[in-house]
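**Q** Take this structure first; my questions come after.
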Amino acid sequence: MPNFLKDLLSTFKLRRIGVRLVLSYGILLTLFIVVLILPLGQINKMMRLEDKFAHEDMRKLLVVQELGLLTESVSNALPLLLTAARDKREQQYGLVDEKNKKITSLIATLERTLDDPSQQNNLKLLKQRRDAYQKMYLDLVNLLEDEGQEAATKNFYTEVEPSLNALLAISSRLLQNEQDLIIEHQNQSQQDLKKTGIIAILLSILAVIVAALLAWITTRSVVRPLEQLQTRALKIAAGDYQTQIPVSNTEEIAKVGLALNTMSNAIASREKDIEHLAFFDGLTGLPNRTYLLKTMGQANLNEYTIILMDLARLKSVNETLGFDTGDSVILHVAQRIQHVIATSHIDSVPLLVKLAGGSFAVMIPSKNQTTIEDIYLRIDQANNEPVKCENYAVDVDLVYGFALQAEVPLPLIHLLRNAEVALYAAKRSSKKLAWYSDAQEASRLSHLSLLSDLRTAVKSNELQMWLQPKIKLSTAQVYGFEALVRWQHPARGFISPAEFVPFAESTGYIGIITDWMLESAVIKLAEWKNIHPDLSIAVNVSTHDLRDKNFPDRVASLLKQYNVDPHHLRIEITESGIMEDPDSAIELLHRLRQTGISLSIDDFGTGYSSLAYLQKLPVNELKIDRSFVTNIDQLSDTQRLVKTIIELGHGLKLSVIAEGIETEQERAILQQLGCDCMQGYLVSKPLYGKQLQDWLDKSLQIDII
């Protein structure tokens, strides 16, 4: 568009749709008003002409006609005067004089009303000829009276008649001209009407053309740009952020286009940020698991090996030094691994990926074990130095899981799973690293199957509650039992608690085992209510149970359901379980204590509880862990430590029991140190069914030891 036209549009604000529409409709309205007013004006003009014709032109015409008739009448009277007798001429003189006076009056009227120049000239000529005729008429009358009719007749034909004919001629011309003027005015009026009609038609055609032109301009400047905006919006919705809307000459369209372009750029920028967040770790900037699966999920991984590594003790670092320190450790480790990867001597650079928490994965395009071990050793060596975080130096310990591509190529997700299986195998065996093997897969599948079986074990009564006696050292009398869970699998046979209890804790299924054990213990206490009213049963609960706020209510409900005295039920809690969240645990233990049950701290001495928390615990009993009991008769340092624990318990008004006693020498030392009770194979192994009943019958008749 030329610059002057742009300046013109800008000056008159024609770039705005509103101004264009107002201008367009203004032009159309003006044209229609003109088309409407023009015929009305012509009609008004015709009405004025008609009024003029009725009041002026016709009146003038009538005057001219009357003037002509009177003039003709006077001319016809003269021949009569020439032949009439004297007495009759007197009468005719009077009539002629009246007519002459009337003619004079009519001429005067026409002088005032005639406005056409030619008619004014005719009237002037008429007046002159009439004056000439009037003079000749008087002379003729005098001659008639003085000399007689013969002389007058001769004079009439020679002098008067030519003058009279001239007067009649001009009178006729005046009348004819007036008639012609009226006809001319009527013709002019009709021509004006036709012209007005033509002009109205032309203006109507012009209005239609202007309307079509404005419609085309509106379509070109509004509709088409709007269609472009719609197309652009659909492209943005489809993810095309590159195409830009050209600048429009229409201000509103230009603003919307600019807004759409701005929105498109903003969405593209945000989508890029979102995509980066989706595919890259926000802390380290490394690709994440999603990126790995997207880019290499369908790739040919025939020659690939995965090293999966995990930061050990990261949870402890977060809890002790804060998550900022933990993040700093992760970032430093990532940078160290990244440096090793970048300087590796492999044709294709391995891909380092950040997984959840403190886990990393390295995709190595090689199955050469020497190459893989070299990368592993360099990564491990790079992380030998502690990470310095402000005032702290945090040791870095990585655990590794390796997975090679199999002979039959496995998809990426399977390789990752194999590396993860190897990693957890290394953790379970407390090793630095582990290579994936089929045995690990079998173990993993076995655990998965075990999880499925554990769901039905409780409902199918596959679990068993075994009881191990606890006796008082002073009297050698049994006062209660510790309940221990056993699983008799219908297909696998006996499954050790060491195998399924930790597994149940890690998967969250320990709660259903605890509930089953509690109910079994309460049912047993209900059976003993009359035959063994003084015996108690202790049930172990896990850290998971201590987090359940509804746990005390469930225990109270069981005791009420089976009408069992709460003092006969004892709950055993590990020291480490309490210290995970001591404040919440203490609150829950107080609620349990309010139900009337007794509480024991199991495995005391293996945790890190402080005296400040220990004195707040509403417990009745301390259980010394078997690690302090084994061969205590041969370990003087252990004896002093155990004596301190016993005195500590007594100082807190707690009963102290030692577990795991297997020899008479161990029992004697513990009794000598002041221990109150004991539990172990020296008294009895865990018992179940008939063995339990036989042992109870025997224990009521003789001393245990």
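One line per residue, one yes/no per condition, for (1) within 37 Å of the chain's Cα centre (by Cα); (2) closer than 26 Å to ALA425 by Cβ; (3) open to solvent by 10 Å² or more (accessible area, probe 1.4 Å):
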position	(1), (2), (3)
ALA312	no, yes, yes
LEU321	no, no, yes
VAL333	no, yes, no
HIS345	no, no, yes
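**Q** Right, next: When the stretch 490-504 is examined, which residues are found to be surrounded by fewer than 16 Cβ atoms within 10 Å (Cβ to Cβ) and either in a strand (DSSP E or B) or not hydrophobic (A, V, I, L, M, F, W, C) (or both)?
**A** PRO490, ARG492, GLY493, PHE494, SER496, PRO497, GLU499, PRO502, listed by residue number.
**Q** Do any residues in the stretch 659-670 that are exposed (fewer than 15 other Cβ atoms within 10 Å of the Cβ) have Cβ atoms under 9 Å from those of residues that are modelled with pLDDT under 95, where the two are at least six apart or on different chains, and which pairs are they?
**A** Between residues of the stretch 659-670 that are exposed (fewer than 15 other Cβ atoms within 10 Å of the Cβ) and residues that are modelled with pLDDT under 95, the close pairs are GLU664/LEU682; GLU664/ILE705; GLN665/ASN631; GLN665/ILE632; GLN665/ASP633; GLN665/GLN634; ALA668/ASP633.
**Q** Quick one: what pairs do we get from the stretch 465-477, first residue surrounded by 23 or more Cβ atoms within 10 Å (Cβ to Cβ), second assigned to a loop (DSSP other than H, G, I, E, B) and aliphatic (A, V, I, L, M), C-beta under 6 Å, 6+ apart or different chains?
**A** PRO469/VAL683; ILE471/VAL683; ILE471/ILE704
**Q** It is to be established whether one or more residues within the stretch 234-256 are hydroxyl-bearing (Ser, Thr, Tyr), at pLDDT 75 or above and open to solvent by 30 Å² or more (accessible area, probe 1.4 Å). So that I can check it myself, show each step before the final result.
**A** Here is the first cut: in the stretch 234-256, the residues hydroxyl-bearing (Ser, Thr, Tyr) are 241, 243, 248, 250.
Next, from what is left, pick out any that are at pLDDT 75 or above: none.
For the stretch 234-256, residues hydroxyl-bearing (Ser, Thr, Tyr), at pLDDT 75 or above and open to solvent by 30 Å² or more (accessible area, probe 1.4 Å): absent.
**Q** Let me ask something else. Does the stretch 553-562 contain any residue that is of a type in the set (A, V, I, L, M, F, W, C), in contact with an Asp or Glu (Cβ under 9 Å, 6 or more places away or on another chain), part of a helix (DSSP H, G or I) and touching a residue at least 24 places away in the same chain (Cβ under 8 Å)?
**A** Scanning the stretch 553-562 turns up at least one residue that is of a type in the set (A, V, I, L, M, F, W, C), in contact with an Asp or Glu (Cβ under 9 Å, 6 or more places away or on another chain), part of a helix (DSSP H, G or I) and touching a residue at least 24 places away in the same chain (Cβ under 8 Å).
**Q** Check VAL619 against each of (1) farther than 30 Å from LYS549 by Cβ; (2) surrounded by 14 or more Cβ atoms within 10 Å (Cβ to Cβ); (3) modelled with pLDDT of 90 or more and name the one condition it does not meet.
**A** (1)
**Q** Within the stretch 136-154, can you find the residues that are open to solvent by 50 Å² or more (accessible area, probe 1.4 Å) and closer than 30 Å to GLN179 by Cβ?
**A** The answer is MET136, and nothing else.
**Q** Any residue at all in the stretch 145-159 that is outside any helix (DSSP H, G or I), under 27 Å from GLY94 (Cβ atoms) and either over 60 Å from the mean Cα position of the chain (by Cα) or of a type in the set (Phe, Trp, Tyr) (or both)?
**A** yes
**Q** In addition: Given the conditions (1) surrounded by 15 or more Cβ atoms within 10 Å (Cβ to Cβ); (2) among the polar types (S, T, N, Q); (3) at positive phi, and given that GLN679 satisfies all but one, which numbered condition is not satisfied?
**A** Against the list (1) surrounded by 15 or more Cβ atoms within 10 Å (Cβ to Cβ); (2) among the polar types (S, T, N, Q); (3) at positive phi, GLN679 comes up short only on (3).
**Q** Let me ask you something else. Taking into account only those residues within the stretch 347-364 that are surrounded by fewer than 16 Cβ atoms within 10 Å (Cβ to Cβ) and out of contact with any Leu (no Cβ under 7 Å at 6 or more places or on another chain), which is nearest to LEU398 (Cα to Cα)?
**A** ALA356
**Q** Out of the residues in the stretch 563-581 that are closer than 16 Å to ILE523 by Cβ, in contact (Cβ under 8 Å) with a residue 40 or more places away in the chain and touching a Ser or Thr at 6+ places or on another chain (Cβ under 6 Å), state the one that is least open to solvent (accessible area, probe 1.4 Å).
**A** Within the stretch 563-581, the match that is least open to solvent (accessible area, probe 1.4 Å) is ARG570.
**Q** Anything in the stretch 512-537 that is within 28 Å of LEU454 (Cβ to Cβ), open to solvent by 60 Å² or more (accessible area, probe 1.4 Å) and either in contact (Cβ under 8 Å) with a residue 60 or more places away in the chain or not aliphatic (A, V, I, L, M) (or both)? List them, or say none.
**A** GLU519, GLU527, listed by residue number.
**Q** Can GLU111 be described as in a helix (DSSP H, G or I), open to solvent by less than 70 Å² (accessible area, probe 1.4 Å) and modelled with pLDDT of 75 or more?
**A** no
**Q** Pairs only if they're at least six apart or on different chains, beta carbon under 8 angstrom, first in the stretch 173-189 and over 14 Å from GLN120 (Cα atoms), second surrounded by 16 or more Cβ atoms within 10 Å (Cβ to Cβ) and at pLDDT 80 or above; list them, first residue then second.
**A** none
The values are calculated or read from the model by the stated rules, or taken from the named source; none is laboratory data. What you see is a predicted model, and the numbers here were worked out from it, not measured in a lab. Using ideal geometry, Cβ is built from the backbone for each residue, glycine included, and neighbour counts are taken over all protein chains shown. Heads up: the accessible areas ignore ligands, DNA and RNA and are worked out on the full protein's heavy atoms, side chains in. Shrake-Rupley method; radii C 1.70, N 1.55, O 1.52, S 1.80 Å.
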